[in-house]
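A short worksheet on the structure shown next.
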C-alpha cells in the first residue's frame with residue numbers, strides 16, 4: 001500500500017483549489033497505483049491493495065482496466081473509503 005491515509009485523501013478532495021479538477025486528482029491517484037503495481041510485479045508479487053475514496057471507485061476501475069487484466073476485489077470501509085485489491089496471478 002502506498003502511504004496515504006484516508007484523512008489525507010479526504011483533505012485533498014475537500015481542500016483542493018477549484019482549478020484542480022476531480023479528473024486531475026484521479027489521474028494522480030491512478031498513476032501512483034499504476035507505479036506501485038508495476039513495482040510489485042517486477043518484485044515478483046502478484047497482488048496489490050490500496051484504499052481509495054468510495055466516490056472514485058468506478059472511475060478508478062475503468063482506468064485500471066485499460067492497463068491491467070486482473071481480478072479485482074472491492075471492499076467498503078468506514079469514513080467513505082474503499083479497499084481495492086488487484087490480483088494478476
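The values are calculated or read from the model by the stated rules, or taken from the named source; none is laboratory data. No experiment lies behind these values; they were computed from the predicted model shown. Glycine also receives a Cβ, built like all others from the backbone with ideal geometry; neighbour counts cover every protein chain displayed.
Considering each residue of segment 49-69, count those that are in contact with a helix residue (DSSP H, G or I) (Cβ under 8 Å, 6 or more places away or on another chain), without any contact (Cβ under 8 Å) to a residue 40 or more places away in the chain, closer than 18 Å to residue 88 by Cα and surrounded by 13 or more Cβ atoms within 10 Å (Cβ to Cβ), and give that number. Selection size over segment 49-69: 4. Is it true that residue 31 is at pLDDT 90 or above, surrounded by 11 or more Cβ atoms within 10 Å (Cβ to Cβ) and within 17 Å of residue 83 (Cβ to Cβ)? Judged against the criteria, residue 31 is not a match. Pairing each residue of segment 71-89 that is touching a residue at least 40 places away in the same chain (Cβ under 8 Å) with any residue that is surrounded by 13 or more Cβ atoms within 10 Å (Cβ to Cβ) and not in a strand (DSSP E or B), provided the two are 6+ apart or on different chains, yields C-beta distances under 6 Å for 79/6; 80/54; 81/6; 86/70; 87/70; 88/70.
The residues on offer are 80, 44, and the sole one that is surrounded by 11 or more Cβ atoms within 10 Å (Cβ to Cβ), over 12 Å from the mean Cα position of the chain (by Cα) and at pLDDT 90 or above is 80. For residues that are over 13 Å from residue 34 (Cα atoms) and out of contact with any strand residue (DSSP E or B) (no Cβ under 8 Å at 6 or more places or on another chain), tally how many sit in segment 63-87. The qualifying residues number 2.
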